[in-house]
Each structure stands twice: as structure tokens, then as C-alpha cells.
1. Do the conditions hold for Glu85, that is, is it over 22 Å from Asn168 (Cβ atoms) and at pLDDT below 95?
2. Out of the residues in the stretch 51-84 meeting the condition of being of a type outside the set (Lys, Arg) and without any contact (Cβ under 8 Å) to a residue 12 or more places away in the chain, tell me which one is surrounded by the most Cβ atoms within 10 Å (Cβ to Cβ).
3. Out of everything in the stretch 107-152 that is basic (Lys, Arg) and closer than 30 Å to Glu37 by Cα, what residue ends up being surrounded by the fewest Cβ atoms within 10 Å (Cβ to Cβ)?
4. Please indicate, with yes or no, whether at least one residue in the stretch 80-96 is closer than 19 Å to Arg152 by Cα, among the aliphatic types (A, V, I, L, M) and in a loop (DSSP other than H, G, I, E, B).
5. Can you name the number of the only condition in (1) buried (at least 17 other Cβ atoms within 10 Å of the Cβ); (2) in contact with an Asp or Glu (Cβ under 7 Å, 6 or more places away or on another chain); (3) more than 27 Å from Met181 (Cα to Cα) that Gly30 fails?
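The values are calculated or read from the model by the stated rules, or taken from the named source; none is laboratory data. Please read these numbers as outputs of a predicted model, since none were measured by experiment. Cβ sites come from the backbone with ideal geometry, for glycine too, and all protein chains shown count toward neighbours.
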Amino acid sequence: MYPEYNQLDPDNPKCSEDSAYPAAPDSEYGWEKLFSERLYLAYARNYGMNVRIARFHNIFGPQGTWTGGREKAPAAICRKVAMAEDGGEIEIWGDGKQTRSFLYIDECIEAVRRLMESDFQGPVNVGSEEMVSINQLVDYVCEIAGKTLHKRHDLTKPQGVRGRNSDNRLIREKLGWEPSMPLKEGLRRTYAWIAEQVRQAEAASVQ
């Protein structure tokens with residue numbers, strides 16, 4: 001939902017809440033989010049509806065979608081690593097240099113609780129400021145899995161903007177919240193769950 005022109009530098013994306021306008025999202029998905037926010041704010045202004053608006057940044061964790069094409073990058077990478085033989089390869093969409101930040105689900109729930117119990121309407125970013133490249137994300141998961149995999153980059157696949165990272169200054173100021181779990185710990189928990197799903201699916205396929 002943030003302007004594409006603010007997300008061209010993978011090392012320094014600008015994603016503060018007030019940077020969403022002038023609007024220029026990189027996809028229809030971003031426009032959908034902006035229109036939804038304006039709809040909620042219109043209801044609040046015209047009808048007194050009590051609303052809270054959170055802008056979520058790549059939430060992940062166990063029990064989430066992990067296959068089928070709708071999963072977030074951490075889940076997709078955990079699945080690919082779990083399915084790969086040690087010494088094999090893993091496909092990465094794009095050059096892997098694009099940067100993102102990812103927030104573990106438990107942290108997200110706490111942020112939402114604080115927002116709902118506050119009198120702050122938002123919009124407010126809910127995410128992590130621990131930014132990594134997709135290549136780094138793959139390295140983290142391989143380390144957790146104890147595997148060495150060759151990266152094969154598919155430049156024909158979509159890779160999104162070059163950089164995106166949550167700017168948490170506003171949520172720290174208004175709600176006193178910031179995530180405390182390192183990305184690697186969230187990935188460790190998520191990989192354990194997804195690896196078990198892969199194991200169960202493979203076992204079922206040979207029955």
C-alpha cells in the first residue's frame with residue numbers, strides 16, 4: 001500500500017504511516033488496502049463507528065498457510081527447505097536481494113490487543129524493523145534445518161518492490177509496543193511446524 005517510489009532502495013525503504021500519500025501502490029492489492037482504510041474512516045467520521053486501523057507487515061508463524069501459492073515468504077521457504085535433500089537446491093523468486101521484515105504471529109496478537117484496548121484509531125504499522133534480504137532469509141532457514149542448499153534464482157517470477165520494512169516509531173509512541181522475538185526464533189518455531197506438515201503429507205502420499 002506504500003508508494004512504489006519509496007520502496008526502490010532495498011537498504012532504505014520508507015514506510016512510515018504518513019508516507020502512504022500521495023498514493024502510488026505497486027499493485028491493486030495495495031489500492032484495495034488504501035480504499036478499505038478510507039471506507040472505515042468515512043464510517044467513523046459520518047456514523048460514529050469505533051474503528052482501529054492496523055497495517056500488518058508480513059505476519060508468519062505455525063498454523064498459517066504453508067502451501068498452495070498464498071503463503072508468505074517465510075512459510076514458502078520453510079516448505080522448500082523441508083522438502084529439499086541436503087546438498088540439493090532451492091528456488092528463489094527474483095534475485096533474492098529484495099528486502100523485507102517479518103513479524104511472528106504471537107507478537108502481532110499482542111500489538112492488536114494493545115491497539116484495540118487503546119483510544120488510538122490509527123492507521124499504525126504492526127511489524128518488525130528487523131529487515132533481511134530474501135537470500136538471508138533462506139540462509140537462516142537452512143541453518144535451522146541443518147542443510148546446505150544451492151540457491152537457484154528464477155528472475156521470471158514476481159519479486160515485488162525492492163525493499164519494504166515496517167517503521168515502528170508511531171506504534172512505540174502511541175502504544176508502547178515493539179516486537180521482542182528475534183526473526184530466527186520465529187523461523188525456528190515455524191520451520192518445526194511446517195517440517196512436520198511436510199513429513200505428514202509425504203507419509204500420506206505413499207500409503
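1. Criteria not met by Glu85.
2. Ala76
3. Arg113
4. Within the stretch 80-96, one or more residues are closer than 19 Å to Arg152 by Cα, among the aliphatic types (A, V, I, L, M) and in a loop (DSSP other than H, G, I, E, B).
5. (2)
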